[in-house]
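The structure appears right after this line, and notes come after that.
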Amino acid sequence: MTDPLSATELAISGMKSQAVRLRHISENIANADTPGYRRKLVAFHQQVEFGRATGAVTAGPTRLDRRELPRIHDPSHPLADDQGYYAGSNVDLIVEIADAKEAGRSYEANLRIFEQSRQMGSALLDLIRR
Amino acid sequence: MISPMIAATAYDRARPAIAPAEGLPQGVTNAAADFARVMEQVDLAAAGAMTGSTETHELVHSIARAEIALETAVAIRDKVVEAYQEILRMPV
């Protein structure tokens, strides 16, 4: 049986995943100036239950960006080495902000689907209500 | 001529036909149990959201599900009551 509300479950899974993504983005932005911080990435996976894909999405395990850390010249920094360089973070603020926007848009799209599916379920019931 | 005695016996004979059936059909009982379970879940989700153990997403989802379940139950109840009233209005 196709539940008119089965789409809401998938939309909720999308919203949850986007929320996790936004959390990692905010961690990255908060640590943009932390020396030695590596940018966190989150990969989405299809949710699998009993060996079958349910159609829902989950946020997979966090990975760290392998990109090289930039070497910043500042001899007065406590972490500076003999040449006066220290490793900064490989967070690019512009990339993070763009990613945050994308997460927000994706969240909105899921929200629309949620609302649409709820309205459809309710409209179906209107048929027998009259 | 109809005497009170005959009327009483006729009524006694006709009584089984108008007596309510034993219990509810299986489908209705199951649907009611399902409905109660959905309502229980939304209670749990609401309490969980207050204590912080349930995610807001889950709460919204269970509320949406409970809303549709309640609308379904109300719509079916209205139909049943309407059918009953239709029977009552039947000319005898």
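Since every read-out is calculated from the coordinates, none of them should be taken as a lab result. Predicted model, so just to flag it, every value in this text is computed and none were measured. Cβ coordinates were reconstructed from backbone atoms using ideal geometry, including for glycine residues, and neighbour counts include every protein chain displayed.
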remark   = Log entry: pair-distance distribution for segment A:6-129, C-alpha pairs binned every 5 Å from zero, whole % per bin is 2, 10, 14, 15, 13, 11, 9, 7, 5, 4, 3, 2, 1, 1, 1, 0, 0
Dipole of chain B, positive end: most advanced residue of B:Val28, B:Leu88, B:Ile68 [Cβ charges, Cα centre] = B:Leu88
ask   = Radius of gyration and Dmax for the protein assembly as shown's Cα atoms, expressed in Å?
value = 30.9, 125
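For chain A, what is the calculated [θ] at 222 nm in deg cm²/dmol (nearest 500), taking -39500 (n - 2.57) for each run of four or more DSSP H residues and dividing by its residue count? Don't skip to the end; give the middle numbers.
Details: 2 runs with 62 residues, N = 130.
Roughly -17500 deg cm²/dmol at 222 nm, from the helical runs in chain A.
Average projected area of the Cα convex hull of segment B:14-92, in nm²?
Details: hull surface 28.0 nm².
Orientation-averaged projected area of the Cα hull: 7.0 nm².
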query = Efficiency by 1/(1 + (r/R0)^6): what FRET value for A:Ala98 and B:Gln26, r their Cβ-Cβ distance, R0 = 45 Å, to the nearest 0.05?
reply = 0.20
ask   = Under 20 Å from the Cα of A:Lys101, which lysines turn up, not counting those fewer than eight places away in the same chain?
value = A:Lys16, A:Lys40
ask   = How about B:Lys79: which aspartates and glutamates have a C-alpha closer than 20 Å to its C-alpha, ignoring those fewer than 8 places off in the same chain?
value = A:Asp126, B:Asp34, B:Glu67, B:Glu71
ask   = Once both labels are modelled 7 Å past Cα along the beta-carbon direction, what's the A:Asp126-A:Leu69 spacing in nm?
value = 5.9
key: Helical contribution to [θ] at 222 nm, DSSP H n ≥ 4, -39,500 (n - 2.57), averaged over chain B, rounded to 500   = -28500 deg cm²/dmol
request  = Along Cα→Cβ, 7 Å out, is where each label goes; now give me the distance between the ones at A:Glu49 and A:Asp3 in nm to one decimal.
outcome  = 0.8
query = So how far apart, in nm, are the two label points at A:Glu108 and B:Ala14 if each is 7 Å from Cα heading toward Cβ?
reply = 6.9
